[in-house]
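Single-structure report; data block below.
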């Protein structure tokens, strides 16, 4: 299992041909208190860089983009019920959705943890 | 994903209020606002800051706002009041010494140039205007009132708001007199030996005070108030969600030059004496249009909107009469999440034929139509000490 990161502050946990996607702890700290999350529909086919989910704090709305292309296999309904999970456990319980990876070569452009840390430093 | 957070485009150097160093020392997240470097939130975060203000007390730096004295050349404050009545549809003559009133500067077409507070300090009037409008307001006053008044901007004073149910006890520690003040009382008070102008008013829907303080004493006053464990510093983020729940307008968003006071649902602020048949009817910029709207109604109206779902509906969202209609009937002008309501909340304009409390309209958001109830305001009952 590897974890990769985007410059847009999303994380991807890769297990076989499935990627679990969420937003980083740095992202949640910048967003502030999250009060609403909108997730993609299961079965939707996402293209890389397409707006896939919405996360809203008291003060603003932000898009979560699909870091890679793929079909949505599962979404985290717990997040819809309890958006504050994004603040309390961004890297764990607050995963957003799982994708069936369409093209593994797209993973090549993503950062590892060390590179992401340097990116946000 | 954080791109939409940055709404600033102005690259000119930012001004600082006398409390800037305190904001930075308190961990304030600083953002550009109306040309100033201001705290949008502190480490507690918008949600906690909002709720703390409703349950205890919050301290807000509003020093970016304009403070202007109108000094009558005749020496009679009544003359300053009558002069100011040329620019606002309010009865200023009736504002007794020690009292304050909400007003709007109107233009020739009845639009709103700015909204403001006007206090009668006995010898002169004291005005508080919006930060983004203060230079234009000052020029407007000079252009129209110089015959009757000296226009004196008070650039060397800070303005601190202390809001919430514990505001009175926190302030009374340094100035017991404030306990006898009622909502919209205003006048000079000594707070711990600092000469201040204090009004019992605010922008949160809560009981509270706005305190004008000499710039060089602002930080020591703020620190003294913040030493009370009931008082937390509050940023612009919570200031916005608090005023939204209170149904209060944000100039440039909910009211501007394209909306009249009647369209903005501010007709309550226009006294009988300035209306058709009143003792001093009309005589202000845009009176023809505003008086006609007071008599016969306006084509559009500001209303409260409660989204039925959980998704916040924000500024700019178009409004429709039903889920399929292609004819836009209005738009959201302010919207977000109301922490005290634990629900999304908004306000906006609707054509008057659709602006009926209790009926349902639809906002378009990310390609979907979401239902909203037209609701009375304030959304959260105010707690002013009348």
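Only the coordinates and a few stated rules stand behind these numbers; no lab work does. Computed from a predicted structure; not experimentally measured. Note that each Cβ is placed from the backbone with ideal geometry, even for glycine, and that neighbours are counted across all protein chains shown.
Ranked by Cβ crowding within 10 angstrom, fewest neighbours first, how are A:25, B:288, B:254, A:77 ordered?
On the way: A:25 18, B:288 12, B:254 25, A:77 9.
Arranged by neighbour count, lowest to highest, A:25, B:288, B:254, A:77 become A:77, B:288, A:25, B:254.
For A:3-10, what's the mean count of beta carbons from other chains sitting within 10 Å of each residue's beta carbon? Could you put the intermediate results ahead of the total?
Details: counts 0, 0, 0, 1, 1, 3, 2, 1.
Across the residues of A:3-10, the mean count of other-chain Cβ atoms within 10 Å is 1.
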Original post:
How high is the FRET efficiency between residue B:257 and residue A:1 when r is their beta carbon distance and R₀ equals 51 Å, given to the nearest 0.05?
Top reply: 0.30
Subject >> Cα-based convex hull, chain B, per residue volume (Å³, whole number) >> reply: 141
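Taking square-rooted eigenvalues a ≥ b ≥ c of the alpha carbon gyration tensor, is region A:1-54 rounded, prolate or oblate, where a/c under 1.5 means rounded and, failing that, a/b exceeding b/c means prolate? Let's see the in-between values first.
Working: a/c = 1.98, a/b = 1.21, b/c = 1.64.
Oblate is the answer for region A:1-54, as a/c is 1.5 or above yet b/c matches or exceeds a/b.
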Original post:
Antiparallel as a % of all DSSP beta bridges within the protein assembly as shown, to the nearest 5?
Top reply: 95
Original post:
Computed over the Cα atoms of the protein assembly as shown, what is the convex hull's projected area averaged over all directions, in nm²?
Top reply: 25.1
Subject >> Extension gain from residue B:142 to residue B:25, taking 0.36 nm per residue of separation minus the Cα-Cα distance >> reply: 38.3 nm
Original post:
What order do you get for B:95, A:58 when you list them from fewest to most C-beta neighbours inside 10 Å?
Top reply: B:95, A:58
Original post:
With a 10 Å Cβ neighbour count serving as the proxy for reagent exposure, in which order, fewest first, do B:166, A:41, A:93 appear?
Top reply: A:41, A:93, B:166
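Computed FRET efficiency, Cβ-Cβ of residue B:326 and residue B:359, R0 22 Å: what is it to the nearest 0.05?
Values: r = 19 Å, r/R0 = 0.87.
The calculated FRET efficiency here is 0.70.
I'd like the FRET efficiency for residue B:190 and residue B:385, computed as 1/(1 + (r/R0)^6) with the beta carbon distance as r and R0 of 22 Å, rounded to 0.05. Let's see the in-between values first.
Values: r = 21 Å, r/R0 = 0.95.
After rounding, the FRET efficiency stands at 0.55.
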**OP:** Quantify how strongly other chains surround peptide A:59-67 by giving the mean number of their Cβ atoms within 10 Å of each of its Cβ atoms.
**Re:** 5
Subject >> Projected-area mean, region B:157-222, by convex hull of Cα positions, square nanometres >> reply: 3.8
Original post:
So what is the relative contact order of chain B, in percent, for Cα pairs below 8 Å that sit 6 or more residues apart?
Top reply: 17
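Only helical DSSP H runs with n ≥ 4 go in: add -39500 (n - 2.57) per run for chain B, normalise by residue count and round the 222 nm mean residue ellipticity to 500 deg cm²/dmol.
Numbers: 8 runs with 74 residues, N = 386.
About -5500 deg cm²/dmol.
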Original post:
Rounded to a whole number of µm²/s, how large is the Stokes-Einstein D of region A:2-104 at 37 °C and 0.692 mPa s, given Rh as the Kirkwood radius over C-alpha pairs?
Top reply: 248
Original post:
For peptide A:33-44, how many partner chain Cβ atoms fall within 10 Å of a residue's Cβ, on average?
Top reply: 3
Original post:
For region B:299-379, what number results from the quotient of the Cα radius of gyration and 2.2 N^0.38 Å?
Top reply: 0.96
